[in-house]
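A quick write-up on the structure given underneath.
Derivation of every value follows stated rules applied to the coordinates shown; laboratory data play no part. A quick note: this is a predicted structure, and the numbers were derived from the prediction, not measured. Neighbour counts run over all protein chains shown; Cβ positions are idealised from the backbone, glycine included.
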Amino acid sequence: MTGDGGAWLFWLERSEMVERISIRFATTSGVDVDDFRQDLMLALVLRHGVYDPSRTKPITWAWWQARSVQKKLVMQRKKYRVANVDDQSTIVDTRSDGWSGVRSIEARATIGMIAHLATGDEWDAANSRASGLTEDEIRESLGCAPFTARRRVAAFKERVGVGNV
């Protein structure tokens, strides 16, 4: 478990407040509420040592932590862009510097090779998971439960023998 027991107890006693804040921030940013709540609770516990109750109320401090979590989650979704490989939309990680030129060509070639190893359902599931779609967006775009999408990606990884796809 991360953090100390006192921090967990403090924020778990205020779980209804954390839930309300999570719903508010998640719905305004298009992030899954469960993912947001989990990240917010972890941030609150990990940063509990710098919280000073004499300076601010728990709701105010939690609100500012939620803003930080929201920014992090939104940035994680923006780190990907769509590239076309063999007339197929593919999510590509753009975090690294120098995304143009040779590195771009190599990345597209690698994606093209991997794409031919996957079935259509596996490739769609991998792209949906890599793009950071919420569970509702995965359900809508793939027409299956998010668990099924995770199973498809796991089956693809196992068949190809790759640690992280």
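For the reader, a short list of remarks on this structure follows.
- Residues that are more than 20 Å from Ala26 (Cβ to Cβ) and touching a Ser or Thr at 6+ places or on another chain (Cβ under 6 Å) within region 115-141 are absent altogether.
- Screening Phe10, Phe25 for residues that are hydrophobic (A, V, I, L, M, F, W, C), under 30 Å from Asp136 (Cβ atoms), in contact (Cβ under 8 Å) with a residue 24 or more places away in the chain and crowded, with 16+ Cβ neighbours inside 10 Å leaves exactly one candidate, Phe25.
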